[in-house]
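Let me begin by presenting the structure, written as structure tokens, before commenting on it.
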Amino acid sequence: MKTGVIGCLNTNNIGDYIQTLAVINLIGKDYKILDRESLNRYKDKPRKIIINGWFMENPLNFPPSSNLNPLFISFHINPSISKAFLNTSTLSYLKEHQPIGCRDKFTQTLLETHKIKTFLSSCVTLTLNKKDFISSSYKENTALIIGAFDRLKPYIQTKKGLYKMLISIIKSPYKFLDYQTKKIIFNKWLKQQNLKFNFANQIAEKKISSHLEGLKLAEELLRKIADSDYVITSRLHSAMPAVAMGKKVIFINEGLDNINHRSRISGAQSFFKSIKLKEIRMLNFDSIIIDKNHMIYSKKTQEIINTFLKK
């Protein structure tokens, strides 16, 4: 029976499918992708499933069907729905399948307050291997910039009521000036580096409509990362694969004031150089040391998944 793997239809975040692809690479060809938001409606034959990643849009779609036998690894709970998600039914389900491998310290602490056994597994993308993606077009001294300013782009908040929209409008001139100023600083710094720069996005222009499309986009982005020596990003699931592939990573730690953003990087910042944009003027890539402290997590994740599949 093929092992279930989590997919995320109707997202435009390629990072979701980078996580999917990382799991597929660990379990091999015998897999079936199941949509994260409909695991409770699964009615096929009983099968094992690796449950990882960001959970979720609709907490009412959890827990999964009893026909799914789960392994929780690299699991993250969306803070904005955590109270609704951790209802009596879900808590009972998680206790039944503990210990829960948590992607971040936020999720680990949250579950432990409910007396659920956990361990910090970090992200499954730390198991990705450069040799699986590097191409013949690789050239030395190449840096890849992936959404460095994604979190700083000014916008008007229109989905959380009139009051927050008005506050957003009042703040927008300052945010726009801050955004433009930091772009100038960043671009000036880029010109001072003796490197070739390429650019990519982790956010697709339109929502991903099929698992095949999501995996294709994930593989394309991972090839760009593998073909670079350095990665500058504000996106966790671009930073983590780059760390796994032994790249020097600068993580732009700005625009992450919301708990939904902060929670995802809790416990991950020791893997890469995390900075504010104003600090980049004093930084050069030669000063960044590649630390392999992530490998304790990647090896443990591989061992846990292999043991689960052999049962």
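Can you tell me which residue in the range 257-271 is surrounded by the fewest Cβ atoms within 10 Å (Cβ to Cβ), limited to those that are in contact (Cβ under 8 Å) with a residue 40 or more places away in the chain and part of a loop (DSSP other than H, G, I, E, B)?
The qualifying residue surrounded by the fewest Cβ atoms within 10 Å (Cβ to Cβ) is S266.
Is it the case that S274 is under 25 Å from K191 (Cβ atoms) and without any contact (Cβ under 8 Å) to a residue 12 or more places away in the chain?
No, not satisfied.
Residue-by-condition table, conditions (1) in contact with a Ser or Thr (Cβ under 8 Å, 6 or more places away or on another chain); (2) closer than 30 Å to K191 by Cα; (3) hydrophobic (A, V, I, L, M, F, W, C):
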residue: P59; (1), (2), (3): yes, no, no
residue: P63; (1), (2), (3): yes, no, no
residue: S66; (1), (2), (3): no, no, no
residue: A84; (1), (2), (3): no, no, yes
residue: H114; (1), (2), (3): no, no, no
residue: V124; (1), (2), (3): yes, no, yes
residue: L128; (1), (2), (3): no, no, yes
residue: D132; (1), (2), (3): no, no, no
residue: T142; (1), (2), (3): yes, yes, no
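Restricting the search to the range 200-212, which residues are open to solvent by 50 Å² or more (accessible area, probe 1.4 Å) and either charged (D, E, K, R) or within 19 Å of F149 (Cα to Cα) (or both)?
Scanning the range 200-212 gives N201, I203, E205, K206, K207.
How many residues are outside any loop (DSSP other than H, G, I, E, B), of a type in the set (V, I, T) and loosely packed, with under 12 Cβ neighbours inside 10 Å if we restrict to the range 276-311?
Number of matching residues: 2.
Which one of these does A84 not meet: (1) within 21 Å of H261 (Cβ to Cβ); (2) touching a strand residue (DSSP E or B) at 6+ places or on another chain (Cβ under 8 Å); (3) open to solvent by 40 Å² or more (accessible area, probe 1.4 Å)?
(2)
Looking at L190, L177, L166, L152, which one is surrounded by 11 or more Cβ atoms within 10 Å (Cβ to Cβ), within 23 Å of D286 (Cβ to Cβ) and either in contact with a Ser or Thr (Cβ under 9 Å, 6 or more places away or on another chain) or among the hydrophobic types (A, V, I, L, M, F, W, C) (or both)?
Of L190, L177, L166, L152, the one residue that is surrounded by 11 or more Cβ atoms within 10 Å (Cβ to Cβ), within 23 Å of D286 (Cβ to Cβ) and either in contact with a Ser or Thr (Cβ under 9 Å, 6 or more places away or on another chain) or among the hydrophobic types (A, V, I, L, M, F, W, C) (or both) is L190.
Can you tell me which residue is surrounded by the most Cβ atoms within 10 Å (Cβ to Cβ) among those in the range 239-256 that are touching a helix residue (DSSP H, G or I) at 6+ places or on another chain (Cβ under 7 Å) and part of a helix (DSSP H, G or I)?
Here the answer is M240.
Give the range 58-87 a look and list any residue that's in a loop (DSSP other than H, G, I, E, B) and touching a residue at least 24 places away in the same chain (Cβ under 8 Å), or say none.
F62, P63, P64, S65, N67, N78, L86, N87
What is the residue count in the range 218-229 for residues that are over 22 Å from I289 (Cβ atoms) and either surrounded by 22 or more Cβ atoms within 10 Å (Cβ to Cβ) or free of Cβ contacts under 8 Å to residues at least 24 places away in the same chain (or both)?
Residues in the range 218-229 being over 22 Å from I289 (Cβ atoms) and either surrounded by 22 or more Cβ atoms within 10 Å (Cβ to Cβ) or free of Cβ contacts under 8 Å to residues at least 24 places away in the same chain (or both): 4 in total.
If you scan the range 206-229, which residues turn out to be outside any helix (DSSP H, G or I), of a type outside the set (G, A, S) and more than 18 Å from the chain's Cα centre (by Cα)?
K206, D227, D229, listed by residue number.
Check whether at least one residue in the range 230-238 is farther than 10 Å from Y17 by Cβ, out of contact with any Ser or Thr (no Cβ under 9 Å at 6 or more places or on another chain), in a loop (DSSP other than H, G, I, E, B) and open to solvent by less than 40 Å² (accessible area, probe 1.4 Å), and report yes or no.
yes
Would you say K32 is touching a Pro at 6+ places or on another chain (Cβ under 8 Å) and open to solvent by 30 Å² or more (accessible area, probe 1.4 Å)?
no
The values are calculated or read from the model by the stated rules, or taken from the named source; none is laboratory data. Everything numeric here is computed off the predicted structure, so don't read it as measured data. So basically every Cβ, Gly included, is an ideal-geometry build from the backbone, and we count neighbours across all protein chains shown. Side chains are part of the model used for accessible areas, which takes the heavy atoms of the whole protein and leaves out ligands, DNA and RNA. Shrake-Rupley method; radii C 1.70, N 1.55, O 1.52, S 1.80 Å.
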